[in-house]
Amino acid sequence: QVQLVESGGGLVQAGGSLRLTCAASGGTFSGYAMGWFRQVPGKERDFVGLISWSSGGTYYADSVKGRFTISRDNAKNTVYLEMNSLKPGDTAVYYCAARLGVRITTRTDEYAYWGQGTQVTVSS
């Protein structure tokens, strides 16, 4: 059973940085794409970015491109979301997700596995 556990959220001032961690277990992830999403209350869950576990290739939403970086550590089965130049508009619960296959997709319904989420709050 695939399990994803996020950590690293918290409160940060605008312009600051945070690094989120997604620890994956219960599977072999070489053929997976790992995505990050975020959600604020009352709104849909939005795509942030993804990484191909095998190739390390990444793809980002325009809203975070140039500020956020996704990486992975194969030995630790861990994916990271490095967030820089944070803005109040980045405040959300951030979720890690996994899907089998490396096709780029931003659709939440194409990700089979989800973590519990971690809160990121950016103060102005």
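The values are calculated or read from the model by the stated rules, or taken from the named source; none is laboratory data. Remember, it's a predicted structure, so these values are computed and weren't measured experimentally. Note that each Cβ is placed from the backbone with ideal geometry, even for glycine, and that neighbours are counted across all protein chains shown. The accessibility values were calculated without ligands, DNA or RNA, using every heavy atom of the protein model including side chains. Shrake-Rupley method; radii C 1.70, N 1.55, O 1.52, S 1.80 Å.
When you scan segment 32-39, do you find a residue that is modelled with pLDDT under 95, farther than 20 Å from Gly117 by Cβ, touching a strand residue (DSSP E or B) at 6+ places or on another chain (Cβ under 7 Å) and open to solvent by less than 50 Å² (accessible area, probe 1.4 Å), even just one? No, because not a single residue in segment 32-39 is modelled with pLDDT under 95, farther than 20 Å from Gly117 by Cβ, touching a strand residue (DSSP E or B) at 6+ places or on another chain (Cβ under 7 Å) and open to solvent by less than 50 Å² (accessible area, probe 1.4 Å).
Inside segment 52-78, can you point out the residues that are hydrophobic (A, V, I, L, M, F, W, C) and touching a Gly at 6+ places or on another chain (Cβ under 8 Å)? Walk me through it before giving the result.
The initial filter retains those residues of segment 52-78 that are hydrophobic (A, V, I, L, M, F, W, C), namely 53, 61, 64, 68, 70, 75.
Result: Trp53, Ala61, Val64, Phe68, Ile70.
Would you please name the residue that is nearest to Gly117 (Cα to Cα), looking only at residues in segment 1-31 that are of a type in the set (Ser, Thr, Tyr) and out of contact with any Phe, Trp or Tyr (no Cβ under 7 Å at 6 or more places or on another chain)? I'd like the intermediate steps shown before the answer.
Residues of segment 1-31 that are of a type in the set (Ser, Thr, Tyr), as a first pass: 7, 17, 21, 25, 28, 30.
Checking which are out of contact with any Phe, Trp or Tyr (no Cβ under 7 Å at 6 or more places or on another chain) leaves us with 7, 17, 25, 28.
Working: Ser7: 8, Ser17: 18, Ser25: 16, Thr28: 22 Å.
Out of the qualifying residues, it is Ser7.
Can you find a residue in segment 11-22 that is surrounded by fewer than 20 Cβ atoms within 10 Å (Cβ to Cβ), modelled with pLDDT under 95 and touching a Leu at 6+ places or on another chain (Cβ under 8 Å)? The answer is no, given that none of the residues of segment 11-22 is surrounded by fewer than 20 Cβ atoms within 10 Å (Cβ to Cβ), modelled with pLDDT under 95 and touching a Leu at 6+ places or on another chain (Cβ under 8 Å). Evaluate segment 79-91: report whether one residue or more is basic (Lys, Arg) and either more than 13 Å from the chain's Cα centre (by Cα) or at pLDDT below 95 (or both). Yes, segment 79-91 has at least one match.
Can you name the residue in segment 57-72 that is under 14 Å from the mean Cα position of the chain (by Cα) and over 17 Å from Thr106 (Cα atoms) and is also least open to solvent (accessible area, probe 1.4 Å) among such residues? Among those residues, the one meeting the criterion is Arg67.
Step by step: first the residues of segment 73-117, then only those that are polar (S, T, N, Q) and open to solvent by 20 Å² or more (accessible area, probe 1.4 Å), then the one that is nearest to Gly10 (Cα to Cα). Which residue is that?
Narrowing segment 73-117 to residues polar (S, T, N, Q): 74, 77-78, 84-85, 91, 105-106, 108, 116.
Those still in the list that are open to solvent by 20 Å² or more (accessible area, probe 1.4 Å) too: 74, 77, 84-85, 91, 106, 108, 116.
On the way: Asn74: 25, Asn77: 23, Asn84: 14, Ser85: 15, Thr91: 10, Thr106: 25, Thr108: 24, Gln116: 15 Å.
The extreme case among them is Thr91.
Give the residues of segment 1-10 that are open to solvent by 60 Å² or more (accessible area, probe 1.4 Å) and in a strand (DSSP E or B), sorted by residue number. Give the steps one after another, and end with the answer.
At the first step, the residues of segment 1-10 found to be open to solvent by 60 Å² or more (accessible area, probe 1.4 Å) are 1, 3, 5.
Passing the criteria: Gln3, Val5.
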